[in-house]
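Rule-based calculations on the coordinates, nothing more; no lab input. Quick caveat: nothing in here was measured; it's all calculated off a predicted structure. No Cβ is skipped: glycine too gets one built from the backbone with ideal geometry, and neighbour counts run over all protein chains shown.
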Amino acid sequence: MGTKTKAYLIEFNKLVLGLNEFEFMLDEELLAEFEFAPLSHAKVKVDLKLYKTDSMYDFKFVFKGNARVDCDTCAENIDLPLNEKFNLMMKLSEANNFDDTEIIYIARTEIEFDLKQYLYESLLLSIPQKKNCEVLPEPKPCNQDVLNRLGQIEIEEKEDTKEEESIQKADPRWDKLKDLLN
C-alpha cells in the first residue's frame, strides 16, 4: 500500500456525529504512487459523504471526471468520462479486520484511515470493460487509418470463408458420404 498520504486521510477524532463531507481529486499524482498502474492520466473529482454513528462509519463516494485510456477499437488515446458511485461500511470493533467484502472492521483505538488504496481501486473499477470512442461526443477522435485496416482484414476474412465453403461444396467425397445416410 505504500506510505500514508495526508490528502486521503480520514481522521476519526475530527468527525462529528452525522454527516461529514470531503472532496478528493484523483489525478497523475495519485497514479504515480502505484508502480504498475494501468492508467497514467486521470482527472476525477470524488465527493464523499461520510455518516458517522457511535459504532459505524458509512461512506458514500461519487466519482466524476475523465480517465485517459486506449480505445479498444481504434487504439486512439481518449479521455473517457467516468460517473460512478461506491459505498463502504466501516464498523468499530476490537481489532482490525479487512477480510469481509462488505464491511471493514476497524479497531476502536485507530485514529485515522488512509483512503488512498480504496480510492485507487475504485477508480480502476469505474473504468468500463469496453473502452471505445462511441461514448464520446462528435467529432469522434477515432483513428481512421486503424479502422480502415481493420475493415480490410474483415473483408479478407469473409473472402477466405467463402472460398473454404466453395471448396467444401465441390468435394465429391462428401456427396458419397451423404448417400450412405439415405
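A simple count of charges around N87, restricted to other residues whose Cβ falls under 12 Å of its Cβ and scoring Lys, Arg +1 and Asp, Glu -1, yields 0.
The residues packed around D72, meaning those with a beta-carbon under 9 Å from its beta-carbon, carry a net charge of +1 if Lys and Arg are +1 and Asp and Glu are -1. With an a/c value of 1.5 or above and a/b larger than b/c for the gyration tensor axes a ≥ b ≥ c computed over the alpha-carbon atoms, the range 32-92 is described as prolate. With a cut-off of 19 Å on the backbone N, the residues of the range 5-39 near the modelled label site 7 Å out from I111 along Cα-Cβ are 5-17. Legend: residue pairs K14/K116; K6/K60; K14/K131, Cα-Cα distance threshold 29 Å; pairs beyond threshold, K14/K131. Electrostatic tally near A107: other residues with Cβ closer than 13 Å to its Cβ, Lys and Arg +1, Asp and Glu -1, net -1.
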